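First the structure, in the form of structure tokens, and then the observations on it.
The values are calculated or read from the model by the stated rules, or taken from the named source; none is laboratory data. Note that this is a predicted model, so its numbers are computed, not measured. In this analysis, Cβ positions are derived from the backbone assuming ideal geometry, glycine residues included, and neighbour counts consider all displayed protein chains.
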Amino acid sequence: MAAPEIAADFTTVLLVDQTPEEVFDAINNVRGWWSEEIEGGTDKLGSEFTYRYKDVHICKMKIIELVPDKKVVWLVMDNYFAFTKDKTEWKDTKISFEISKKDNKTKIEFTHIGLVPEFECYSICYEGWSKYINSSLHSLITGGKGQPNLKEDVN
């Protein structure tokens, strides 16, 4: 018998009482759970947006799959990390949100396809995604308010 395959990509799962439509809308409200520093559209197929966290992390995403109430997939078109040898580690990876019904709940399966333990950023990115998905996105879905990175006050 073959050993079970271990998923190398970062994955986390949420179960909530809200409808798939409410979950889908919350995921696409990227400024409401990830960062207020998002530039560009985040809710239409083919849209591109940029995420920025100070001068530490900048990435450009393209929405490559958008199935209402079922699935959202972003392609990382470009990436910059200030803290890794390979500044572009996320480039060409995909970020996937799969929405389904499980018993009386809505299940969200978040996977960063290509974010693997071999990446230098893995432990930091693991902590970051865990916080953004399990805390901030969860709060936005269940309570109407997430904890995104706040917009920097540049004076």
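Condition first: in contact with a Lys or Arg (Cβ under 8 Å, 6 or more places away or on another chain), in contact (Cβ under 8 Å) with a residue 40 or more places away in the chain, more than 24 Å from Glu152 (Cα to Cα) and not in a loop (DSSP other than H, G, I, E, B). Can you find one or more residues in region 62-69 that meet it?
Within region 62-69, none of the residues are in contact with a Lys or Arg (Cβ under 8 Å, 6 or more places away or on another chain), in contact (Cβ under 8 Å) with a residue 40 or more places away in the chain, more than 24 Å from Glu152 (Cα to Cα) and not in a loop (DSSP other than H, G, I, E, B).
Starting from residues that are within 14 Å of Thr11 (Cβ to Cβ) and at pLDDT below 95, keep the ones in region 116-129 and report whichever is farthest from the chain's Cα centre (by Cα).
Looking at the filtered set, the residue picked out is Pro117.
Which condition does Gly146 not pass, out of (1) of a type in the set (Gly, Ala, Ser); (2) surrounded by fewer than 16 Cβ atoms within 10 Å (Cβ to Cβ); (3) not in a helix (DSSP H, G or I), if it passes all the others?
(2)
Can you tell me how many residues in region 31-61 are touching a residue at least 24 places away in the same chain (Cβ under 8 Å), surrounded by 15 or more Cβ atoms within 10 Å (Cβ to Cβ) and either in a helix (DSSP H, G or I) or not acidic (Asp, Glu) (or both)?
9
Looking at region 132-155, I want the residues that are within 13 Å of Trp34 (Cβ to Cβ) and at pLDDT 95 or above and have a partner that is of a type in the set (Phe, Trp, Tyr) and assigned to a helix (DSSP H, G or I) with Cβ atoms under 6 Å, at least 6 apart or on another chain. Which pairs are those?
What qualifies is Ser136/Trp33; Leu137/Trp33; Leu140/Trp33; Gly146/Trp33; Pro148/Trp33.
Suppose we filter Thr12, Thr84 for residues that are in contact (Cβ under 8 Å) with a residue 12 or more places away in the chain, surrounded by 16 or more Cβ atoms within 10 Å (Cβ to Cβ) and in a strand (DSSP E or B); which single one remains?
Result: Thr12 is the single residue among Thr12, Thr84 that is in contact (Cβ under 8 Å) with a residue 12 or more places away in the chain, surrounded by 16 or more Cβ atoms within 10 Å (Cβ to Cβ) and in a strand (DSSP E or B).
Please go through region 87-101 and pick out each residue that is out of contact with any Gly (no Cβ under 8 Å at 6 or more places or on another chain), in contact (Cβ under 8 Å) with a residue 12 or more places away in the chain and of a type outside the set (S, T, N, Q).
Listed by number, the residues that qualify are Glu89, Lys91, Ile95, Phe97, Glu98, Ile99, Lys101.
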